[in-house]
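What follows draws every value from the coordinates through simple rules; no lab data is involved. Computed from a predicted structure; not experimentally measured. Note: ideal-geometry Cβ built from the backbone for every residue, glycine included; neighbour counts use all protein chains shown.
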Amino acid sequence: MTTRRAALHPKSLWFVVVAAAAVLGWWVWQVGICEGSRDCRCVAPENCDPGLECHSGYCWDVEAEGPDAPYFLSAEDSGLTRPAREHVAANARVGRHGHVADIGAGWGADSLRLAEVVGREGRVYATDIEPRMVSHLQQAAVQWDVPALSPRLVQGRRALGLDDAKDGTLDLALFIDSVKFLEGDPRDEDVRYLSELRRKMKPDAQVFYHFVWLESDQRDRDATADLFRAAGFTRVRELPMPEGMPAHRKVWPMGRLGLITRTHAQGFFLELQP
């Protein structure tokens, strides 16, 4: 007696191939064939190859700001945000004993510089949602003897983290590639968040809001400016982005495998006042 094996139907074979590709794609996304290389996803420094830094969820080239600096920036972000940081350093109206809020301070590139400006009697509120960043800033404040630096962890999508700052005391607030306002987020929550910041600021205070690149779901320049206006920041001025910067760029969320690309639009730079 002979037995015959049932042949796999072509449609069934196609289904198996598609399912296997989907599983492989999920595995690449979660585990990362390219994990560790530049542009690969990461959640901690140890996920990246030596010489790369985990920044904004991806591995980037590392550029140290000076041989003994307590903070690092990716080479790409450092180059494109440097003009904005230089503009803030040259035009921020804050001096000795001043009070500053660095919203989304990250490694502290701006917080530490501003702490030198305001002096030991001033205050720089350095907020971040990443515990690792806040811990780093706390250590830097002790190691580098920076009593003006006040790191604090914020929890919640629109938590400001400035409860102990008195109303009408802030001279300056920075959003340097930190807080994203998304098209799908409730507008009233964003306005309430910015209104709380407005209440903390002096009548002649400044806010600088900067993003190098915008993801597809981020509010653009005009929509972001409208949020600030609704919160009481009536004076809005657009500042230039780096000369020669392209209007768009492509990124590879799973590394340069070429399987998926995303397009980011050129960002914007705003100065706002009450």
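How would Thr81, Thr169, Thr263 line up from fewest to most surrounding beta-carbon atoms within 10 angstrom? Let's see the in-between values first.
Values: Thr81 22, Thr169 15, Thr263 12.
Fewest to most other Cβ atoms nearby, the residues stand as Thr263, Thr169, Thr81.
Starting from 0.36 nm per residue, how many nanometres of slack lie between Asp217 and His248 once their C-alpha separation is accounted for? All intermediate terms of the calculation are to be shown ahead of the outcome.
Values: separation 31, 0.36 × 31 = 11.16 nm, distance 1.45 nm.
Extra length available between Asp217 and His248 comes to 9.7 nm.
Distance in nm between label sites at Asp167 and Arg229, each 7 Å beyond Cα in the beta-carbon direction?
In this crude spin-label approximation the distance works out to 2.6 nm.
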